[in-house]
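The values are calculated or read from the model by the stated rules, or taken from the named source; none is laboratory data. No experiment lies behind these values; they were computed from the predicted model shown. When we count neighbours, we look across all protein chains shown, and the Cβ atoms used for this are built from the backbone with ideal geometry, even at glycine. Accessible surface is based on the protein model in full, side chains and every heavy atom, while ligands, DNA and RNA are left aside. Shrake-Rupley method; radii C 1.70, N 1.55, O 1.52, S 1.80 Å.
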Amino acid sequence: MVLPPWREVDLNTGRQSLLDLVTERQGLLISGLDLEASVLSVLASPSILVPPVDALNRVSKGSAGQAAELLELQYPVTMAVASLADAFDFCETHGWRAWAKGERYEAVPVTHPGALAHALDRITKTWGGTPLLQADVAGAEESICFAAHDGRLLGACAMRKTSMTPEGKTWSGRVTELSEADEKSLRTFVAETRWTGGGELELVREARTDERFLIDLNPRFPAWVHGATLAGFNLPARLVAAASGSTAPTESSSGNPEFVRVVLELPAVHSYPVQGFGMPSQLAAGLKGHPSGMPDLSRAVSGERPPARSSTVASHHPAVDELQTLAMADLMTPVRLALPRVVEQRLAQLNNLRLQIAASSGLPVTCAYSIKTDPSPDILSAMHASGLKAEAISMAEVQRALGAGFTPSDIVLNGPGKWWPRPVDSRLALRALFADSTSDLKRCLRVSADGDLQPNLVGLRVAAPKVTSRFGIRLHDRRQFASTASLLAASHLESFGAHMHVAASAIGFTEWLANARFAIDLAAMLADTVGIPVKAFDFGGGWPAAMTRFDTPALRETWTEAAGYARSKLPDLEEVLFEPGKALVQPAQLLLTRVLELRDSPDDDLAAVVDASVADLADLTRVARTVVAFDDQYQTWNVLPDGDDLIYGRICMEHDILRRGVAIPDTAEPGTLLAFLDAGAYESSMAYAFGS
Ligand SMILES: *Cc1c(COP(=O)(O)O)cnc(C)c1O
């Protein structure tokens, strides 16, 4: 019998007629689709072998964290996406190793800024509901399959994937018995949820820790369940036997715990009638990747398209409060506005954090502001006044820092171009001088031995050992380690410094910490080899800018861990440094613009052309800028929710698109004021003049 597809039937009628079919025949129904299980669960019929509604709520992706706890498994960091800006923050914190997930089904990898909006869009459009973002766990995939009846565990087996399709589906696997501990916690889970039917726990065993994370909990048997039967675990038979009160057939095993899935071509029994000239709807939907018709069912369950999402974070952005107080009418646009109170707030948070790290590590902690991030005199003065040191990457920046009131002993000089534009012309007693290569180390040692510069500390930048980087000395390369060691051994140094800088905003906090530990180990080995101690470790910058504060636990834990590790491995360490740049000043500016024109694009999405351009907002990696619009009628600033509209820049370059995936309000018209938040740091320090 062929039933009509879910898109064509009313949910209630559909499930009732399925139930009638089953009971008429005194049959049992085992659903193979997650969503169908939840639709049928409402019937609470003993003939329909699916978990009760309560159990399903407890394993839905939004609350699977609790299920993981019950099962004594770890659960990856997960958030429900309220806005693109929040999602961007999340991905930055996790180094662009994340998954966008539907509430019910599907996971799309998000590995770079350009993929984010598209992935969320695809999830929302296919499945409806609120998309989730989940941090990726690096490791091998495993699975546990089970059958239960009315809270009683009937059987279970474990499976390790031995090969997968590109979507991560099991192609071949190895089936084994469950460990005693796993069986015990699964039994508790099944009893607690009064589970009926098949189930699958999808797990990843994290390579780094060997801990298992629950990625998905499916209320049905997995597609590979016959593989389990072949290996001697006929779980569907046990389920049917328990539900019908009969005895399960004796199970026989192929004698081999491994299975492989194959595709079989069969003669078609009947073909679909072709509607009009097109393809039958079901087939067409199938060709788009979901022959199950699950997307239709999903949208039916979650109702119409979700309301426009707005940002909870951004609506509390301090910049919005400041905007409210400004008199805008006469301002020429585009114009940047500085938000000094935001800098003050960040500096206070940073100082707090600095003191906490100092207390936990037992070492003095110094913060040096990265000048290139925003070299304007006001900002430099604010940094100096708050007690920060300065981090320069050229002699020109050193001069700027001196001009802003920093003393030479406040300045750390670093980077591959540090001698530009003029060779050393004074005997500055810099705080520290870090070499970026072995040849640069030669030069740094020479100028400090000759007294051309008189730095308090000479050191080297250790190339981040776990990523590819053009910067620093690769101490993890045997030859570079050896040549560095001989340079240091032949030098006049009595101690040296080590520096590592890799952007946590690009690789995530966990990877950052792994690199930091590795770099500290290498510095300790170098110190041992040459018999010269490391006196200071400098951890660089690259902290997420969109993360609106320095008081987040993730940042505190990462800095604490890094400083503690350095202290434990480097016995002569006297100081730890951090060099935030963009995390201090990115939110401290906004760019005010006016709409020049509103145009309909062919697919009905709206585009606003504004009087600013990528020359004003120059950080091309920032795809999810937060935009606020002025509402003339209510005289308020509102954060634009995500949507399908675009904001184009003023200049004639294809890539002059300032924001995609935003909803432009109906009230917008030529002349409407828009403000781009977080327009400081590289958005501004890399800005250029183009087309006047
Ligand atoms: C650029 C830079 C920083 C600051 O990086 P942000 O990403 O702006 O925080 C810190 N230290 C060094 C050596 C740098 O080159």
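Restrict the check to the range 536-555 and report whether at least one residue is crowded, with 17+ Cβ neighbours inside 10 Å, part of a helix (DSSP H, G or I) and within 28 Å of the chain's Cα centre (by Cα). Yes; the residues of the range 536-555 include at least one that is crowded, with 17+ Cβ neighbours inside 10 Å, part of a helix (DSSP H, G or I) and within 28 Å of the chain's Cα centre (by Cα). Of all residues in the range 194-211, those satisfying the criterion of being on the phi < 0 side of the Ramachandran plot and in contact with a helix residue (DSSP H, G or I) (Cβ under 9 Å, 6 or more places away or on another chain) are 195, 196, 198, 199, 200, 201, 208. Reported count of residues in the range 217-227, each being open to solvent by 30 Å² or more (accessible area, probe 1.4 Å) and farther than 27 Å from residue 254 by Cα, is 0.
Just to check your reading of the model, which residue among 465, 423, 416, 408 is at pLDDT below 95 and either within 16 Å of the ligand (Cβ to nearest atom) or crowded, with 16+ Cβ neighbours inside 10 Å (or both)? Walk me through it before giving the result.
On the way: 423 fails: either within 16 Å of the ligand (Cβ to nearest atom) or crowded, with 16+ Cβ neighbours inside 10 Å (or both); 416 fails: at pLDDT below 95; 408 fails: at pLDDT below 95.
The conditions single out 465.
The residues of the range 640-689 that are farther than 20 Å from residue 319 by Cβ and among the acidic types (Asp, Glu), listed by number, are 644, 645, 654, 656, 666, 669. The single condition among (1) in contact with a Ser or Thr (Cβ under 8 Å, 6 or more places away or on another chain); (2) within 16 Å of the ligand (Cβ to nearest atom) that residue 506 does not meet is (1). Considering only residues in the range 360-405 that are within 16 Å of the ligand (Cβ to nearest atom) and among the polar types (S, T, N, Q), the one that is farthest from residue 578 (Cα to Cα) turns out to be 376.
Please list, ordered by residue number, the helices (runs of 4 or more DSSP H) wholly in the range 228-303 having 2 or more residues that are at pLDDT below 65, in contact with a Pro (Cβ under 9 Å, 6 or more places away or on another chain) and surrounded by 11 or more Cβ atoms within 10 Å (Cβ to Cβ).
Numbers: elements: 235-244, 281-287, 294-302.
Once the helices (runs of 4 or more DSSP H) in the range 228-303 are filtered for at least 2 residues that are at pLDDT below 65, in contact with a Pro (Cβ under 9 Å, 6 or more places away or on another chain) and surrounded by 11 or more Cβ atoms within 10 Å (Cβ to Cβ), what remains is 281-287.
Among the residues examined, residue 323 qualifies as open to solvent by less than 30 Å² (accessible area, probe 1.4 Å) and either modelled with pLDDT under 90 or farther than 30 Å from residue 560 by Cβ (or both). Restricting the first member to the range 227-253 and to residues that are hydroxyl-bearing (Ser, Thr, Tyr), and the second to residues that are surrounded by 13 or more Cβ atoms within 10 Å (Cβ to Cβ) and assigned to a helix (DSSP H, G or I), the beta-carbon pairs closer than 8 Å and six or more apart or on different chains are 229/235; 229/236; 229/237; 246/240; 247/241; 253/230.
When residues of the range 5-59 are filtered for being in a loop (DSSP other than H, G, I, E, B) and under 40 Å from the mean Cα position of the chain (by Cα), how many remain? Steps first, please.
Step one: filter the range 5-59 for residues in a loop (DSSP other than H, G, I, E, B), giving 5, 9-10, 25-28, 30-33, 42-47, 49-52.
Pick out the ones that are also under 40 Å from the mean Cα position of the chain (by Cα) and you get 5, 9-10, 30-33, 42-44, 49-52.
The number of residues fulfilling the criteria is 14.
Applying the criterion of being outside any loop (DSSP other than H, G, I, E, B) and either under 14 Å from residue 681 (Cβ atoms) or in contact with a Pro (Cβ under 9 Å, 6 or more places away or on another chain) (or both) to the residues of the range 610-634, the residue that is most open to solvent (accessible area, probe 1.4 Å) is 631. Taking the range 556-569 as the range and being open to solvent by less than 10 Å² (accessible area, probe 1.4 Å) and either of a type in the set (A, V, I, L, M) or away from the ligand (no atom under 16 Å from the Cβ) (or both) as the test, the residues that pass are 562, 563, 566.
Mind telling me which of the residues 87, 115, 158 ends up being over 15 Å from the mean Cα position of the chain (by Cα) and among the hydrophobic types (A, V, I, L, M, F, W, C)? Even if it seems obvious, please write down each step before you answer.
Details: 87 fails: over 15 Å from the mean Cα position of the chain (by Cα); 115 fails: over 15 Å from the mean Cα position of the chain (by Cα).
After applying the criteria, what remains is 158.
In the range 90-115, how many are within 23 Å of residue 511 (Cβ to Cβ), open to solvent by less than 30 Å² (accessible area, probe 1.4 Å) and touching a residue at least 40 places away in the same chain (Cβ under 8 Å)? Working first, answer last.
Looking only at the range 90-115, we keep the residues that are within 23 Å of residue 511 (Cβ to Cβ), and these are 90-101, 107-115.
Then drop every residue that is not open to solvent by less than 30 Å² (accessible area, probe 1.4 Å), which leaves 90-93, 95-96, 98, 100-101, 108, 110, 115.
Right, trim to touching a residue at least 40 places away in the same chain (Cβ under 8 Å) and you get 90-93, 95-96, 101.
Qualifying residue count, the range 90-115: 7.
From the list 522, 526, 591, 573, the lone residue that is surrounded by 21 or more Cβ atoms within 10 Å (Cβ to Cβ), part of a loop (DSSP other than H, G, I, E, B), away from the ligand (no atom under 16 Å from the Cβ) and modelled with pLDDT of 95 or more is 573.
In this structure, does residue 481 turn out to be in contact with a Ser or Thr (Cβ under 9 Å, 6 or more places away or on another chain), away from the ligand (no atom under 13 Å from the Cβ) and among the hydrophobic types (A, V, I, L, M, F, W, C)?
Values: in contact with a Ser or Thr (Cβ under 9 Å, 6 or more places away or on another chain): yes; away from the ligand (no atom under 13 Å from the Cβ): yes; among the hydrophobic types (A, V, I, L, M, F, W, C): yes.
It is true that residue 481 is in contact with a Ser or Thr (Cβ under 9 Å, 6 or more places away or on another chain), away from the ligand (no atom under 13 Å from the Cβ) and among the hydrophobic types (A, V, I, L, M, F, W, C).
For the range 198-212, state whether one or more residues are in a loop (DSSP other than H, G, I, E, B), touching an Asp or Glu at 6+ places or on another chain (Cβ under 6 Å), buried (at least 20 other Cβ atoms within 10 Å of the Cβ) and assigned by TED's automatic domain parsing to the domain that holds residue 164. Show your work before the answer.
In the first step, residues of the range 198-212 are kept if they are in a loop (DSSP other than H, G, I, E, B); the result is 207-211.
Checking the rest, the ones that are also touching an Asp or Glu at 6+ places or on another chain (Cβ under 6 Å) come to none.
Within the range 198-212 (the criterion being in a loop (DSSP other than H, G, I, E, B), touching an Asp or Glu at 6+ places or on another chain (Cβ under 6 Å), buried (at least 20 other Cβ atoms within 10 Å of the Cβ) and assigned by TED's automatic domain parsing to the domain that holds residue 164), the answer is no, since none of the residues qualifies.
Looking at the range 643-692 only, could you name the residues that are within 16 Å of the ligand (Cβ to nearest atom) and surrounded by 21 or more Cβ atoms within 10 Å (Cβ to Cβ)?
Taking the range 643-692 and keeping what is within 16 Å of the ligand (Cβ to nearest atom), we get 678-687.
Selection gives 678, 679, 680, 681, 682, 683, 684.
Residues of the range 343-356 include none that is of a type in the set (Val, Ile, Thr) and in contact with a Leu (Cβ under 6 Å, 6 or more places away or on another chain).
Scan the range 133-151 residue by residue and report those that are out of contact with any Asp or Glu (no Cβ under 6 Å at 6 or more places or on another chain) and crowded, with 23+ Cβ neighbours inside 10 Å. Passing the criteria: 133, 134, 144, 146, 147, 148.
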